[in-house]
Every structure is written in structure tokens, then in C-alpha cells.
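These notes concern the structure reproduced below.
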Amino acid sequence: MSEGTMQRRAQRDGQFDQCEQRDERVMRAGGLNRLLAAAVAVPVMLIAAGCSSDSGSDSGKDAQDTSASTGSGSGDDSAASAAPTVQAAAYKTLPEACAVLSKKTLTELVPKGVTSGKEGTSSDTGARANCSWSSLANNGVKGSQFRWLNVSLLRFESDATTGDGESQAKTYYAKQVKDAQAVAGAKNTKATPVAGTGDEATLVRYDLKKSEGAFKQQSVVARVENVVVTLDYNGAGLAGDKTPSADTLTKSAEKAVKEAVAAVRSANGEGGSGSSGTSSSSPSAPAPSKSASPSAKATPSTSASASASKAAAAAPKASASAKS
């Protein structure tokens, strides 16, 4: 074999070895790349799985929170929508106003007007009522004795807006007592508690000077449960007759108001004492009845019957205890 031929073969072998080495490097590089790609893919898959797991966990938690929130809101709404309740009023009715006093008591207070009872106008006598009597006793040339009596009854019903009946009655009671002490022109005003009369009672008395004579006013305000009783009683000596005793009028007024309170209890099934019955379901809206205290014009004692009718008809308003 010639030297030239041997050289060419050696070159070809060298080239072949170079190609094999290059192919081997390429194969090694490809394998490494695949390994790197696989290594990169694994954490990506792990991250994706982790994200998916977290998302599911958050969704479940959100669902639980939403459910809990919905349940809590429902309970609050139920509690808020529950209608407020108030204690039922103790008394559900009133007695007939002109029948709260006995004939004996009327004879003492209005001796010449026992049958003169005049019932006031009311759209609901079970919630508010009043009755008045007047009396003019002719004493000939000595003049006349005038008496005027009025009994007002107010019952308060329990209501979710205005409160329970007893609380309303307490408020009205206090206002009546205050108003009775604030009459324009009143002199020697005095307020004293009255024992043994309902749950609370106050007597307010004062002197009131008018052109017809000097009037002695007695106003007794009493509360029993959810009912307020206001009794106005006054007297005057007309046409020269003497002024009646305030102490005597006071005793008569206190006796009468006790009788009126007992009538309220009896009308509600108590027989004068004990616990009350249930209240009516619909609230009433009582309004105080207006009363008027008398001041009849003085007339000659020779016309007693005419004087009596004029005195009752001309009686102006002088009592504050029936103010609203």
C-alpha cells in the first residue's frame, strides 16, 4: 500500500472519529436537555397542584363563611321583626259615670241636685266618661248655697307605641295634680296626699274669688291601675249667704272619690279590691273630659227655683283638674 493511500485512510478514520464524537455530544446534550425539561416540569406541576388545592380550600371556607353569615343575618332579621310587647292593661272597662256615687253620698254633696246628674258626651264610655251635678239651696233672705260636683274617669290601654296603660295613667295623674295647682286667680292653694284611695291620690284645694261669691274648690285626683279618677267639688255662699267650710267640703270630696275608685274596681270584677281582669286587645285613645266649676250669678232669694236653674246653666269653667 502506498504512503499516499495510507494517509487518505487515516484522514477518513479521523473524520469518522470526529463525527462519532460530535454525534455523541449531541446525544448527550439532547438527553441533558430532556432531563432539564423534566426537572423543570415537575415543580411546575407541583405548583399547579398546590394552587388548585388552595383554591378549593378557599372556596370551601368562603362557602362556610357565607353560610354562617346568611344564618346569622336570618336570626337577626327574625329578632328585629319580632313585634315588641307591653304589659296588658289591668282594667278593661269603666263604670257608668253617673252611677259611681250612691244616693246617700250625692245627698250629702249636692242636696238639691241628687237627680241632676248630667252625663258628658263620649264616643267610648269604656275609655272615658264623666258626670256632673249641681245644687242650689235657697235660704230666703239669707241667700243661697251653691254646690257643684263633677267626676271624670279616664282609662288608658296598653300600646306598643305609647307604652303600658299603667305608665300612661301615672303620667296623666301627675299632670292632673300639677294643673290643679296652677289655676289662674287661685289663692291659698294646698296639695295633700289622700290615704287609702287607689294606688295614689292627691287633694288640691284653693279659694277662688268671683263676682258671684267666694268659691271653695276641692279637686281630688286618684289613680287605680290604668284608670285616673278626677273629682271636682266646689261650693259658695251666694246672695249674702255664708261661705261654706273648706274642711267640710274636703271631707265630703275625699269620701266621694273613694267611692268612685271602688266603683271602678267593681266594674272590673274586683268587688272593691283584688287583682284586675285582662285588657281589651285594641288600644283606646282616651281624652280627658272637660268639666266646669260653677259661679252662678247672685239672684234674689225670693226666686229660689229660678236661681237654681240659672246657676247651673251659667256655671263658668274654674277647675283645672280636668285639663288634658
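The values are calculated or read from the model by the stated rules, or taken from the named source; none is laboratory data. None of the values given here were measured: they were computed from a predicted structure. For neighbour counting, all protein chains shown are included, and Cβ atoms are generated from backbone atoms with ideal geometry for every residue, glycine included. The area values use the complete protein model at the heavy-atom level, side chains included, leaving out ligands, DNA and RNA. Shrake-Rupley method; radii C 1.70, N 1.55, O 1.52, S 1.80 Å.
Seen from Gln168, the other residues with C-beta closer than 12 Å to its C-beta sum to a net charge of -1, counting Lys and Arg as +1 and Asp and Glu as -1. For Asp241, the residues whose modelled amide H falls within less than 5 Å of its own, excluding neighbours fewer than 5 places apart on the same chain, are Ser144. Near the amide H of Lys112, within less than 5 Å, lie the amide hydrogens of Leu136, all on another chain or at least 5 residues away, with H placed in the peptide plane.
Of the peptides 136-143, 181-188, 215-222, the order by per-residue mean of other Cβ atoms within 10 Å, starting with the highest, comes out as 215-222, 136-143, 181-188. For region 146-234, what is the accessible area per residue in Å², given a 1.4 Å probe and the full set of protein chains? I get 36 Å² per residue for this part.
Surface composition of region 121-232: carbon plus sulfur atoms contribute 47% of the solvent-accessible area (1.4 Å probe, protein chains only, all chains present). The orientation-averaged shadow of the Cα convex hull for region 192-250, equal to a quarter of the hull surface, comes to 4.3 nm². In this view, the solvent-accessible surface of Thr192, computed with a 1.4 Å probe and all protein chains in place, comes to about 40 Å². What the phi angles of region 124-135 give under the Karplus curve with 6.51, -1.76 and 1.60, with θ = phi - 60°, is a coupling list of 8, 5, x, 10, 8, 7, 7, 8, 10, 9, 9, 9 Hz, glycine and proline written as x. Measuring between alpha carbons in the structure, the pairs from Lys92/Lys178; Lys175/Lys242; Lys210/Lys242; Lys103/Lys242; Lys104/Lys187; Lys112/Lys255 lying more than 24 angstrom apart are Lys92/Lys178; Lys175/Lys242; Lys103/Lys242; Lys104/Lys187.
Within region 95-246, all pairs of alpha-carbon atoms sorted by distance into 10 Å bins from zero give the percentages 11, 34, 36, 15, 4, 1, 0. Taking Cβ atoms as reference points and 12 Å as the exclusive limit, the residues near Asp247 contribute a net charge of +3, counting Lys and Arg as +1 and Asp and Glu as -1.
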